[in-house]
Each structure stands twice: as C-alpha cells, then as structure tokens.
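A.B. asks: Pasting a structure here, questions to come.
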Amino acid sequence: VQLQASGGGLVQAGGSLRLSCAAAGRTFSTYGMGWFRQATGKEREFVASISGSGGRTYYADSVKGRFTISRDNAKNTVYLQMNRLKPEDTAVYYCAADWMADGSRRDNDYDYWGQGTLVTVSS
C-alpha cells in the first residue's frame, strides 16, 4: 500500500493542525494505522495508532488529550487532529500501515510508511 501524508505546516503554540494520510489500495480496512514523529536529532517516536475498524485507538502520553486519531475507510484516509500544539510537537510526522494489526506502538511492526510531513510549532 502506498501512503501519502499531508497537512503539515507552521502554527503558533496553542494552535491546531489536521494531518491526513491517504492510502492507495483496496484493503485499507485490514491495516492498523499509526502516526509517528521524528524531531531533529531525536529518534522516531510513537504518537497514535488506530485499529482497522477504527474501534480502538492508542496514544502516547505526551499527546493524550490533545491529539485525536481517526480514519475513514471509505476514503482510505487516516487523520491526526492536533490541538493545543506545543513547540515540542515540532517534528516530521509519518503515517504507517501495519497489515492485519490492531494499531501497534512499535515502529518495527509497520510494513509501509508515508513520506512524512513537517509540523513546526512556534513559541
């Protein structure tokens, strides 16, 4: 499956952005989807994930209560709504797909990755 992430940009602290990840393929609902991020000089880290049906979601503690992951299987798209953004949220955000999975927190579990979209939060 091919993934295309979009929606990144520059926003002030306290603002919001919505990231989208469009998937090419006919079996999107069989993939658990995840969002990860990597800040300059840091390792890639888990942000949020969602099961194939959308019934289960998981979040990193650092974003819980501020970010919401969702998906529209009819549109082959997963979203990450990011509210109350902080400068420490600045990173390249990647979406990833994990076949027949529930939505793992581990990046090594994912089979396909999008190209990343840059989110910059100014203070």
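A.B. asks: Select from segment 14-42 the residues that are open to solvent by less than 50 Å² (accessible area, probe 1.4 Å), in a loop (DSSP other than H, G, I, E, B) and modelled with pLDDT of 95 or more and list them in ascending order.
C.D. replies: 15, 39
A.B. asks: Restricting the first residue to segment 102-123 and requiring it to be under 17 Å from residue 71 (Cβ atoms) and in contact (Cβ under 8 Å) with a residue 12 or more places away in the chain, which pairs with a second residue that is open to solvent by 90 Å² or more (accessible area, probe 1.4 Å) and assigned to a strand (DSSP E or B) meet a Cβ separation below 8 Å and a spacing of at least six or different chains?
C.D. replies: Listed pairs, sorted by first residue: 111/99; 112/2; 114/4.
A.B. asks: Give me a count of the residues in segment 43-56 that are of a type in the set (S, T, N, Q) and either open to solvent by less than 20 Å² (accessible area, probe 1.4 Å) or closer than 20 Å to residue 84 by Cα (or both).
C.D. replies: Number of matching residues: 2.
A.B. asks: Got a sec? Which strands (runs of 3 or more DSSP E) wholly within segment 45-97 have at least 1 residues that are of a type in the set (Gly, Ala, Ser)?
C.D. replies: The qualifying strands (runs of 3 or more DSSP E) are 45-50, 67-72.
A.B. asks: Within segment 89-102, does at least one residue satisfy the condition of being of a type in the set (D, E, K, R), surrounded by 14 or more Cβ atoms within 10 Å (Cβ to Cβ) and closer than 14 Å to residue 17 by Cβ?
C.D. replies: Yes, some residue in segment 89-102 is of a type in the set (D, E, K, R), surrounded by 14 or more Cβ atoms within 10 Å (Cβ to Cβ) and closer than 14 Å to residue 17 by Cβ.
The values are calculated or read from the model by the stated rules, or taken from the named source; none is laboratory data. It should be emphasised that the depicted structure is a prediction, and the values quoted were computed from it without experimental measurement. Here the Cβ is made from the backbone with ideal geometry for all residues, glycine too, and neighbour counts use every protein chain on show. SASA here: full protein model, heavy atoms, side chains in, ligands and nucleic acids out. Shrake-Rupley method; radii C 1.70, N 1.55, O 1.52, S 1.80 Å.
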